[in-house]
Amino acid sequence: MTVERVVAGGDGLARLADGRVVFVPGALPGERVDAEIVGAKRDFARGRVERITSPHEQRVVPPCPAWHRGCGGCDWQHATSALQLEMKAEIVREALRRTGRIASPEVVAAGSVAPWAYRTSMRFALDDRGRPSLRRARSNDVVALDDCLVAHPSLAELLPALRLPGAEEVSIRVSAATGERTVWWTPAARSVVGLPADVRVGEEAFLTEQVAGAWMRVSVGSFFQSGPEAAELLVATVRAACTDALDGARHVVDAYGGVGLFATTVLAAAGAPITLVEGSPDACRDAGENLAGLDASIVCSAVEAWQPMQADLVIADPSRQGLGTAAVERLAATEAGSIVLVSCDPVALARDVTLLRAHGYHPGPTQVLDLFPQTHHVEAVTRFARA
């Protein structure tokens, strides 16, 4: 089969002789592959690459030993960094065409973080000996790790000795700015081995990170970007998308505001009152400290249940599911002149485009970022203007 393109989720898309779509993990656009069909439905099938007879010129040999042992944490190591960003932009473009019904979407491949050692926050499964592990691709089986090439060195050095027998999952986060480290596991472990004395543990643990000149407290239960480099690239992109909307703003909203990343690094520049809306109590507590000294109020509520107020600019950074109908209604009720949407799923972005357009908000160019190199995960920033 010839692979037509790579689709959301990271698989190559090819077709059988009868026209059925075949999803082929590990295949790149334009490659000719021999594949075994490992699952078939009436409308599509799934294949496994047996041989690549015509490889893409930007195909590379994955350098990670864990990948070769079956680790599914990084599913795009076989492509160059340049090709990864190009494929992510094309996936977003196709989603906006097919699901968003935009005939000619304007999509820009806007930048990537360093391809390796960029992750300061990672969540691991634990094997039966309590060793940090990642799942095999499309499996609940795990591959134990002594190293991880995408992990920040301060995080990676914890992996070889750490043992948490009895626990099922562990989250490890480090600060690139201060060297602080936190570890939080669930459920309770029978014993803990290999944990250095400097590491803060438990659900009350936190560290301090610096992004774009702002210091931020981040608790173990709070969401944060894959690392400060990713956060800074995202902040720069969001700031560029809404700079003119900050001028003269009388009220601005940070929806799904987390620990206050955009409130402190972007919205504070407006000098206007800020409302941060966030559903996580942990993140709200962090945001309370991070926004101290600003004219800011924190609403600890799901955006879908928030009572909106008039605003001039809204930044929204929802989870992978996107905004959805209820959240779009709340954001549109602010009557903001601009909404800057940060999306981490191309299809969810396309659905939200349709919903926002129905409320009179029309999208500008979408900036695609690679904040998770070696994986199919993609981030996109789109500014919507109210008609």
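Every number here is computed from the coordinates shown, using simple stated rules; none is lab data. Computed from a predicted model, the values in this text were never measured in an experiment. Quick reminder, even Gly has a Cβ in these numbers, built from the backbone with ideal geometry, and neighbours come from all protein chains shown.
Tabulated data
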read-out: Near pairs, Cβ below 9 angstrom, 6+ apart or cross-chain, from the stretch 279-293 (at positive phi) to any residue that is part of a loop (DSSP other than H, G, I, E, B) and surrounded by fewer than 23 Cβ atoms within 10 Å (Cβ to Cβ); value: none
read-out: In the stretch 23-33, residue surrounded by the most Cβ atoms within 10 Å (Cβ to Cβ) [restricted to those that are within 17 Å of ASP75 (Cβ to Cβ) and free of Cβ contacts under 8 Å to residues at least 40 places away in the same chain]; value: ALA27
read-out: Boolean, GLN321 is exposed (fewer than 15 other Cβ atoms within 10 Å of the Cβ), within 21 Å of ALA231 (Cα to Cα) and not aliphatic (A, V, I, L, M); value: yes
read-out: Residues satisfying the stated conditions in the stretch 192-225, i.e. touching a residue at least 60 places away in the same chain (Cβ under 8 Å), among the small types (Gly, Ala, Ser) and out of contact with any Phe, Trp or Tyr (no Cβ under 6 Å at 6 or more places or on another chain); value: ALA214, GLY221, SER222
read-out: Output for the stretch 101-117, where each listed residue is surrounded by fewer than 23 Cβ atoms within 10 Å (Cβ to Cβ) and at negative phi; value: ILE102, ALA103, SER104, PRO105, GLU106, VAL108, ALA109, ALA110, SER112, ALA114, PRO115, TRP116
read-out: Where GLU289 falls short, out of the listed (1) under 20 Å from PHE224 (Cα atoms); (2) buried (at least 22 other Cβ atoms within 10 Å of the Cβ); (3) not polar (S, T, N, Q); value: (2)
read-out: Enumerated strands (runs of 3 or more DSSP E) restricted to the stretch 296-387, each holding at least 3 residues that are over 20 Å from THR237 (Cα atoms) and touching a helix residue (DSSP H, G or I) at 6+ places or on another chain (Cβ under 7 Å); value: 296-300
read-out: Positions within the stretch 271-286 being surrounded by 15 or more Cβ atoms within 10 Å (Cβ to Cβ), over 13 Å from VAL252 (Cα atoms) and out of contact with any Lys or Arg (no Cβ under 7 Å at 6 or more places or on another chain), in sequence order; value: GLU278, GLY279, SER280, ASP282, ALA283, CYS284, ARG285
read-out: Scan of the stretch 231-249 for residues that are touching a residue at least 60 places away in the same chain (Cβ under 8 Å), touching a helix residue (DSSP H, G or I) at 6+ places or on another chain (Cβ under 9 Å) and over 18 Å from ASN290 (Cβ atoms), ordered by number; value: CYS242, ALA245, LEU246, GLY248, ALA249
read-out: Matching residues in the stretch 251-278 - criterion: being of a type outside the set (A, V, I, L, M, F, W, C), in a loop (DSSP other than H, G, I, E, B), within 19 Å of ALA212 (Cα to Cα) and touching a residue at least 40 places away in the same chain (Cβ under 8 Å); value: GLY257, GLY258, GLY260
